[in-house]
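Quick note: the coordinates plus some simple rules give every number you see, no bench work behind them. Note that the structure is a prediction, hence the values are computed from the model and not measured. In this analysis, Cβ positions are derived from the backbone assuming ideal geometry, glycine residues included, and neighbour counts consider all displayed protein chains.
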Amino acid sequence: MTEREAPSVDGLVIGILGGTGDQGRGLAFRFARAGHPVIIGSRSQERAQAVAGLLGHHVRGMANRDAAREASVVIAAVPYEGHSDLLASLAPELAGKVVVDCVNPLGFDDRGAYPLPVPEGSAAEQAAALLPDSQVIAAFHHVSAVLLLDPEVDSMDLDVLVLGDDRAATDLVQALAARIPGVRGVYAGRLRNCGQIEALTANLVSINRRYKAHAGLRITDI
């Protein structure tokens, strides 16, 4: 972030809805490793607690509703098919908070991955429509869960594209992204431009399958 000083994110409690999935667990592991208190949310409190116990002392497990209530910043890392119902049900708990949506609406068939149409334009815009009292930011779409979860990977070669309509909230999420060694948060536009960001994940899946890689993105000349 070059335009102005990055905000402090020290001590922020990060809640991850869908935190028992690979992406959620990977983000939880990295943020806990960076010293953040992390709350893994799940439909099953018992499952959330079991996964939290595997990730370390900075991580707690709760039911999704409790995780949304207790966290300072909430990351939605749930499957797209359950995205709208879950967020709609948690709107009161998420009011007044920054909600980071990293959901990629993708389908898979024998030809590979492809983007699914979303009536609102993107999963992030759907989240914003369901959470009018939250600041919804889109980020972390193109981060490999395999690399996030690998304790032998000390640094990741990656830019995280951050989109949103509130400058303070995008600055905050950029600063959070930078808590993961090797990662830089890059502002990439307003939320209305998130459809192609989510859809691009299908291209990265194809790259990874062809080259047996865990590819991410780097933005040049900034």
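Just to confirm a number: summing +1 for Lys and Arg and -1 for Asp and Glu over residues other than ASN193 whose beta-carbon lies under 11 angstrom from that of ASN193, what do you get?
On the way: positive: ARG190, ARG192; negative: GLU125, ASP165, GLU198.
Taking every other residue near ASN193 into account, the sum is -1.
What is the set of long-range amide H partners of GLN135 at a cut-off below 5 Å, with H atoms built 1.01 Å from backbone N?
GLY96, LYS97, VAL98, VAL99
Mind putting a number on the dipole of the range 63-184 about its Cα centre? Charges go on the C-beta only, +1 for Lys and Arg and -1 for Asp and Glu, and I need it in Debye to the nearest 20.
Computed about the Cα centre, the dipole is about 240 debye.
Just check the chain against the gyration tensor rule for me: Cα atoms, a ≥ b ≥ c as the square roots of the eigenvalues, rounded for a/c under 1.5, and otherwise prolate or oblate depending on whether a/b exceeds b/c.
Rounded shape, in that the Cα axes give a/c under 1.5.
Only bridges whose two residues both fall in the range 14-211 count here: according to DSSP, what percent of them are antiparallel, nearest 5?
Looking only at bridges with both residues in the range 14-211, the antiparallel portion is about 15 percent.
Between the alpha-carbon centers of the range 87-154 and the range 20-62, tell me the distance in whole angstrom.
17
Do any GluC sites (Glu not before Pro) in the range 1-53 lie in a loop, going by DSSP, with at most 16 other beta-carbon atoms within 10 Å of their beta carbon, and if so which?
For GluC sites (Glu not before Pro) across the range 1-53 that sit outside H, G, I, E and B with at most 16 neighbouring Cβ atoms in 10 Å, the list reads GLU3, GLU5.
Report relative contact order for the range 14-211 in percent, whole number only (criteria: Cα-Cα under 8 Å, sequence separation at least 6). Present the calculation step by step, with values, prior to reporting the outcome.
Details: 431 pairs, mean separation 36.8, N = 198.
This gives 19 percent for the range 14-211.
Decide, for the range 154-216, between rounded, prolate and oblate: order the square roots of the alpha carbon gyration tensor eigenvalues as a ≥ b ≥ c, take rounded if a/c falls under 1.5, and otherwise choose prolate if a/b is larger than b/c, else oblate.
Oblate, because a/c is 1.5 or more while a/b does not exceed b/c.
What is the local net charge at VAL98, summed over the other residues whose Cβ is closer than 15 Å to its Cβ (Lys, Arg +1; Asp, Glu -1)?
-3
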